[in-house]
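First up is the structure itself, then whatever we jot down about it.
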Amino acid sequence: DLHSLAACNEIGCRRLVAMMREFGLADLTRLAGRILENSNRAMLAAIAELPRGTWHHAMTVDGFEAPVEIVAAMTVEADRIIIDFEGTSPVSGHGVNVPYCYTQAYASYGVRCLVGSTIMNNAGSLAPIEVRAPVGSILNAPRPAAVSARHAVGQMLPDVMFGLLHQVLPDGAPAEGAASLWAMMLFGGPGAGDLPAHGATPFSVMGILAGGMGARPHQDGLSATAFPSRVRCVPIEISEAMSPIVVWRKELVTDSGGAGRQRGGLGQVLEIENTEPMPFAMTAATCDRRIFPARGRDGGGAGALGAVRLKSGRIFEGKHKHTIPAGEQLVLELPGGGGLGDPRERERALVVQDVRLGLVSAEAAVRDYGLDPDALE
């Protein structure tokens with residue numbers, strides 16, 4: 001990562017200097033000012049097209065020791081949008097707290113996805129968006145509150161913004177999605193706490209996993225796609241090459257996308273085992289939407305819940321460290337995104353195609369979409 005960043009900076013510097021030489025620029029002050037001014041003016045024009053008023057929305061997510069209530073109000077004025085998280089749950093005793101700067105970033109991002117989305121993202125276009133969160137709330141955690149797993153709550157904020165903006169914009173907004181990434185930290189062998197060490201290969205590998213996105217106003221939700229972070233999932237081959245871990249199964253979960261005129265994106269399932277006859281462990285601090293699913297919108301169904309369990313049947317509860325016994329397989333089922341619109345308004349050909357691709361079961365096609373069973377023959 002460091003090498004790639006250094007290389008990008010080096011190339012960027014060369015091209016910037018070449019551009020400045022081509023146009024005879026000694027500095028970037030006037031150019032930057034013009035860009036920020038134009039972006040600000042365009043964003044103000046976009047806000048001016050919105051109706052004035054205040055709208056409210058809330059979301060409940062799993063949290064750690066207790067569910068977290070994210071409560072938000074959006075006020076649209078002539079020259080600004082105010083997002084206020086008054087009423088949101090207090091700080092947690094665990095690392096799912098969100099620093100204020102993170103709250104500002106992800107709430108603003110959610111607004112910008114739908115308001116002035118074609119305008120350049122910079123200080124000029126962000127200036128009219130004001131984000132407020134009470135100090136001591138989980139979205140404005142003061143020092144020394146733990147914030148290492150801040151994305152488990154913070155990455156839900158764009159979907160909260162969509163819930164607000166859906167009440168304002170004529171084309172509406174996407175349904176809720178899995179949002180929070182699942183960070184799969186697997187470890188074993190010497191140095192892995194209370195796990196047996198004798199004869200075991202020491203390892204510690206991390207995988208990034210994504211569930212399904214919510215359905216969009218005119219398109220289905222994307223499956224196994226990281227939104228809003230856009231982080232790429234780590235290829236399982238990397239984890240397998242660095243450890244005795246093997247992933248026996250990694251595929252989309254049938255029926256995990258919420259039913260709707262536009263279907264929610266699907267979650268994925270992984271089955272993981274230690275090839276050595278030794279136990280291993282997983283930390284599950286970021287595995288959210290196991291209790292509260294991604295909700296559908298305008299009659300669409302909710303996405304499927306996520307789950308962390310053993311293939312033999314035992315279900316793991318909470319965001320804790322879990323030990324997988326020797327010879328057992330860890331099963332991770334990531335949540336799906338919500339659907340949008342009445343499922344029975346979905347094009348029949350799309351439902352049939354979903355069934356043939358294994359995205360929707362024949363039973364769900366008949367039950368949720370009202371498909372004639374003869375259409376599947």
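Here is how the numbers come out for the structure above:
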item: Yes/no for Phe203 being closer than 30 Å to Tyr102 by Cα and either over 23 Å from the mean Cα position of the chain (by Cα) or in contact (Cβ under 8 Å) with a residue 24 or more places away in the chain (or both); result: no
item: Search result, residues across segment 257-303 that are over 30 Å from Pro244 (Cα atoms) and either among the polar types (S, T, N, Q) or in a strand (DSSP E or B) (or both); result: Gln262, Arg297
item: Hey, Gly87 in contact with an Asp or Glu (Cβ under 8 Å, 6 or more places away or on another chain), in contact (Cβ under 8 Å) with a residue 12 or more places away in the chain, in a helix (DSSP H, G or I) and not hydroxyl-bearing (Ser, Thr, Tyr) or not; result: no
item: Hey, Gly370 without any contact (Cβ under 8 Å) to a residue 40 or more places away in the chain and out of contact with any strand residue (DSSP E or B) (no Cβ under 8 Å at 6 or more places or on another chain) or not; result: yes
item: Which numbered condition Phe64 fails, given (1) under 30 Å from Thr286 (Cβ atoms); (2) open to solvent by less than 60 Å² (accessible area, probe 1.4 Å); (3) modelled with pLDDT of 95 or more; result: (3)
item: Test for Arg249: is it at pLDDT 90 or above, touching a strand residue (DSSP E or B) at 6+ places or on another chain (Cβ under 9 Å), over 23 Å from Thr286 (Cβ atoms) and open to solvent by 20 Å² or more (accessible area, probe 1.4 Å); result: no
item: Search result, residues across segment 67-114 that are farther than 24 Å from Asn40 by Cβ, touching a Phe, Trp or Tyr at 6+ places or on another chain (Cβ under 8 Å) and β-branched (Val, Ile, Thr); result: Ile70, Val71, Val96
item: Residues that are at positive phi and open to solvent by less than 20 Å² (accessible area, probe 1.4 Å), drawn from segment 104-144; result: Gly116
item: Unique match (being over 30 Å from Val205 (Cα atoms), assigned to a loop (DSSP other than H, G, I, E, B), in contact (Cβ under 8 Å) with a residue 12 or more places away in the chain and β-branched (Val, Ile, Thr)) among Val96, Val160, Val168, Val111; result: Val168
item: Tabulated pairs, segment 301-325, first within 30 Å of Arg261 (Cα to Cα) and hydrophobic (A, V, I, L, M, F, W, C), second open to solvent by 80 Å² or more (accessible area, probe 1.4 Å) and in a loop (DSSP other than H, G, I, E, B), C-beta under 9 angstrom, 6+ apart or interchain; result: Ala302/Arg295; Leu305/Ile291; Val308/Glu317
item: Some residue of segment 252-269 being in contact (Cβ under 8 Å) with a residue 24 or more places away in the chain, open to solvent by 30 Å² or more (accessible area, probe 1.4 Å) and of a type in the set (A, V, I, L, M, F, W, C); result: yes
item: Among (1) within 20 Å of Asp194 (Cα to Cα); (2) surrounded by 24 or more Cβ atoms within 10 Å (Cβ to Cβ), the one test that Pro279 misses; result: (2)
item: Residue within segment 223-230 that is open to solvent by 60 Å² or more (accessible area, probe 1.4 Å) and closer than 22 Å to Met185 by Cβ present; result: yes
item: Verdict on Gly199 being modelled with pLDDT of 95 or more and either in a loop (DSSP other than H, G, I, E, B) or surrounded by fewer than 19 Cβ atoms within 10 Å (Cβ to Cβ) (or both); result: no
item: Whichever residue in segment 1-43 is under 24 Å from Ser125 (Cα atoms) and outside any helix (DSSP H, G or I) and, among such residues, is farthest from the chain's Cα centre (by Cα); result: Asp27
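The values are calculated or read from the model by the stated rules, or taken from the named source; none is laboratory data. Everything numeric here is computed off the predicted structure, so don't read it as measured data. Backbone-built Cβ (ideal geometry, glycine too); neighbour counts: all protein chains shown. Note: accessible area is taken over every heavy atom of the protein model, side chains too, but ligands, DNA and RNA are not part of it. Shrake-Rupley method; radii C 1.70, N 1.55, O 1.52, S 1.80 Å.
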